[in-house]
Every structure is written in structure tokens, then in C-alpha cells.
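Notes for the one structure printed next.
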Amino acid sequence: MAFPSAPSALWSVSLLTVLFAAAVHSNIVFDDDPLQPVTSDETVSVGGTVTLTCRVAESDNSSLQWSNTAQQTLYFGEKRALRDNRIQLHRSTPTELSITIADVQLSDEGEYTCSIFTMPVRTARATVTVLGVPGKPQISGFENAVQEGGKVTLTCTSTGSKPPATLKWYRGDQELQGRLDVVEPVQDNPTYTVSSELTLEVSRNDDNALITCVVDHASLAPGDKRSEQALRVLYSPNVEIHPESDLPREGEKFYLQCLGNGNPEPTSYLWEKKDGELPPLAKADGAFLRFEMLNKSDNGVYLCQANNGIGVSKGEYTLLVQDAADNIADPTAMLTSSGVDHAVIGGVVAVIVFILLCLLIVLGRYLIRHKGTYLTHEAKGSDDAPDADTAIINAEGGHSGAEDKKEYFI
């Protein structure tokens, strides 16, 4: 066998290399070519696993090969070529070569090549897109409580997204409209930092409300990453006066309580009586106005003024003292007792009616069954008498007559 000279061999290898390189970097597509490899583009998030699959319709026993973005061979058939434990063989058959890349990093993004070493060499490319997973959003701008009617501006920031994430604001389930997102590229990194601002004019209803910032990105499930900020709103009191009892009675102890319902809670209370001074036996004790002994002269409208440093508000209550001599029961108790009495009386009447009906039915049935079946002895004697006098005599002594008739016939 003749061997080619050294220059000829080198020339052949160089020619193959040139042909391979030309085939790799060309986008030649062989229509209806059963040996043409077929691949697909893949998208994966940082830290995930991607599977690259290369297939041919038929096999001529040529080996399939996967190469990375730097044209380094990863697998040649079943043989590992690059020592990277993240890259593993998934499936190898005469018509398929599949590999997996675990713990994907941003640097793994790019174009991967599948080749089959036929003449000419056939190739296919698969683009791997790596998504940068955005970090949990951070909300800033709220440090101290805001007074009712004031404004608060919140800023939400998320880093590490690729492509840039979208930020959304919510109050409960209601979406709020913030400013357009500001997108800034990270230096020496293919990821982005995204921020959004939200300005709110707060009311007392916003106290303890949760404002939520949610990151929307292809690498995340909806609502997967979010942060919440509870608002604290300062507002003036909303005063209500609650009595100890709804039926204050003359001669009894009694008190009124002033409820401020503000944020913060009221720190001072002022009690007054409309159109007059407080009664001598009424003592103001902070949120309470205490009566040692109620009197009809205590009747009137009482005012409570509460101050919490944010504002001052008033509430009022009209006191009507009941006469101690009036045996006025609790209306609720009276209604309850009346209801019970009516129920008992109704039950007794129903039982009596039922018994009378039963007696009438029994008596009627008895009379119908025995009607016309007999006559009394006295009636029989009167029927046999020839005249009225004899009928009376027979009625009075009917039995003896009967006995005489019996002796006569015998």
C-alpha cells in the first residue's frame, strides 16, 4: 500500500479542516436530506437545567457531535470530550444525541452546534437563551407614619433580571399605577436593575394597609417574588360616648365612657354639659364621666372632647334618668317574659280544646250507635196506659205493675 507523502497528508488534513469550518459557519439547509441534523432553540433560567437534542431521520453510522459556543466538543457520540460535570449524556442512538447542562449560568448563553461527520459535514445550530432571575424586590421610602391627607412616595427595586423585569404595585387585590419602570444595565454584567415609584395621598382608611410590589418576569411564576410595606397613618379622633347602661335609674351609680378611635389614641379628654355645668356628683376621670348617684337634675346633653395631638373631636350623649319609683323592666326582658307567658297560655288552651273535641267525638259516636235501640222502663209504662192518669201511676210504680202482669200470665 502506498502512503501519501507528508506534505500531501498535511494538505488533506488542512482541506478537511477548511471544509468543516466552512460547513459549521454556513447556514446551508439540505431540503429533504435524511442525514441533515435537526435541533431546537431552548430557554432556561439561571440555575436551571437545559436539554439539547439533535436528531437525524436516517443513520449511515456516522457519529453525531455537540459543540459549545466556543466550538469546543462536548460529546462525540457517547464519548465525553469536555471535562465539565455539569454536562451529561441524556440519550445516544444512531439517530439522536441528547445532552443536558445543569446549573446553567449566564455565560452558558449562546449558539450550540450539532454536527454529523458525513461528506460533506452537516450541521445544525441551537440557540440557548439564559434568563437572569430577578431578586426579591426591596421597598424603600417609608420610615415614619404619615398624617392623614399627606403624601408618601415608595420606591421598589429589583436586580439581576435578564431581560429587564416589570414591577407592579398593589393595594390588596387592587393594582395601582406607578411611574414607568427605570431600567439600568449592570456594569460588567448582562443583567439589569429595575426600579419603580408609587406616590399615594393617604387617608385614615390607609392605616395598616399593605402596599405590595410584585416582580413580573418570564423566569418566575406569577407573584413568586414580592415585598410588602404596611402604611401607618396618623388621624384625628372619631369620638363616640358609650353609657354604662341603656336605662340609667335615679339613685344608682352610672358612668359614661368616651372612645376616641384615633391614631394615636387620645391623650386628653374634656367633659362638658351642654347649656350648663357638670353636676356636683359627676366627676371627670379621663375617658370616663362617673355619677355617684343619679338624679333627675342630671338629665341633659353631655359632651366629650378628645385630643390626640393630631386633631380635636367632640361627641355627645343625651342622658335621661328614669324614675326609681317606676317599675320599668328591661324591654327585652319584658318582651321575653311576655313571649313565654303567651306561649304557656296558648299551649294550655290548645290542650283544653283538644280534650273537648275528643269528648264530643266520643259522645257523638256513642249516641249514634245506641239511638232507637231501647226505651226506659218508665217510658214503656206510659206507652201502655189508656189515659194520662194511668200513665202517671204506671210511671211512678211501673215495676210493681210489671210484677203483677207477670203473676197474672203465670
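Of everything in the stretch 212-245 that is under 20 Å from Val183 (Cβ atoms) and small (Gly, Ala, Ser), the residue that is surrounded by the fewest Cβ atoms within 10 Å (Cβ to Cβ) is Ala218. Out of the stretch 260-275, which residues are assigned to a strand (DSSP E or B) and either open to solvent by less than 50 Å² (accessible area, probe 1.4 Å) or touching a residue at least 60 places away in the same chain (Cβ under 8 Å) (or both)? Correct list: Asn263, Trp271, Lys273. Does the stretch 247-255 contain at least one residue that is farther than 30 Å from Trp169 by Cβ, touching a helix residue (DSSP H, G or I) at 6+ places or on another chain (Cβ under 8 Å) and charged (D, E, K, R)? Checked against the condition, which is being farther than 30 Å from Trp169 by Cβ, touching a helix residue (DSSP H, G or I) at 6+ places or on another chain (Cβ under 8 Å) and charged (D, E, K, R), the stretch 247-255 yields at least one hit. State whether one or more residues within the stretch 69-79 are open to solvent by 20 Å² or more (accessible area, probe 1.4 Å), under 28 Å from Asp32 (Cβ atoms) and outside any loop (DSSP other than H, G, I, E, B). Yes, the stretch 69-79 contains at least one residue that is open to solvent by 20 Å² or more (accessible area, probe 1.4 Å), under 28 Å from Asp32 (Cβ atoms) and outside any loop (DSSP other than H, G, I, E, B).
If we scan the stretch 112-120, do we find a residue that is touching a Ser or Thr at 6+ places or on another chain (Cβ under 8 Å), buried (at least 20 other Cβ atoms within 10 Å of the Cβ) and of a type in the set (Phe, Trp, Tyr)? Yes, that holds for at least one residue.
In the set Gly178, Gly149, only one residue is open to solvent by 30 Å² or more (accessible area, probe 1.4 Å), part of a loop (DSSP other than H, G, I, E, B) and either over 30 Å from Leu64 (Cβ atoms) or touching a Leu at 6+ places or on another chain (Cβ under 8 Å) (or both); that residue is Gly149. Among the conditions (1) surrounded by 14 or more Cβ atoms within 10 Å (Cβ to Cβ); (2) in contact with a Phe, Trp or Tyr (Cβ under 8 Å, 6 or more places away or on another chain); (3) free of Cβ contacts under 8 Å to residues at least 40 places away in the same chain; (4) charged (D, E, K, R), the only one that Asp206 does not satisfy is (2). Taken as a whole, the structure places Leu200 among residues that are touching a helix residue (DSSP H, G or I) at 6+ places or on another chain (Cβ under 8 Å) and assigned to a strand (DSSP E or B).
Restricting the first member to the stretch 176-187 and to residues that are more than 11 Å from Ser158 (Cα to Cα), and the second to residues that are open to solvent by less than 100 Å² (accessible area, probe 1.4 Å) and not hydroxyl-bearing (Ser, Thr, Tyr), the beta-carbon pairs closer than 7 Å and six or more apart or on different chains are Leu176/Trp169; Leu176/Leu198; Gly178/Trp169; Gly178/Glu197; Gly178/Leu198; Arg179/Glu197. If the condition is being assigned to a strand (DSSP E or B), out of contact with any Cys (no Cβ under 9 Å at 6 or more places or on another chain) and open to solvent by less than 50 Å² (accessible area, probe 1.4 Å), then the stretch 158-175 contributes Gly160, Ser161, Lys162. Residue pairs whose Cβ atoms lie under 8 Å apart, sitting 6 or more positions apart in sequence or on different chains, and linking a residue in the stretch 112-132 that is in a strand (DSSP E or B) to a partner that is basic (Lys, Arg) and open to solvent by 10 Å² or more (accessible area, probe 1.4 Å), are Tyr112/Arg125; Thr113/Arg125; Cys114/Arg125; Ser115/Arg122; Ile116/Arg122; Val130/Lys162; Leu131/Lys162; Gly132/Lys162.
Among the residues of the stretch 285-309, those identified as assigned to a strand (DSSP E or B), without any contact (Cβ under 8 Å) to a residue 60 or more places away in the chain and not charged (D, E, K, R) are Phe288, Leu289, Phe291, Gly300, Val301, Leu303.
The values are calculated or read from the model by the stated rules, or taken from the named source; none is laboratory data. Computed from a predicted structure; not experimentally measured. Every residue, glycine as well, gets a Cβ built from its backbone with ideal geometry; the counts of neighbours run over all protein chains shown. Accessible surface areas use protein heavy atoms only, side chains included; no ligands, DNA or RNA. Shrake-Rupley method; radii C 1.70, N 1.55, O 1.52, S 1.80 Å.
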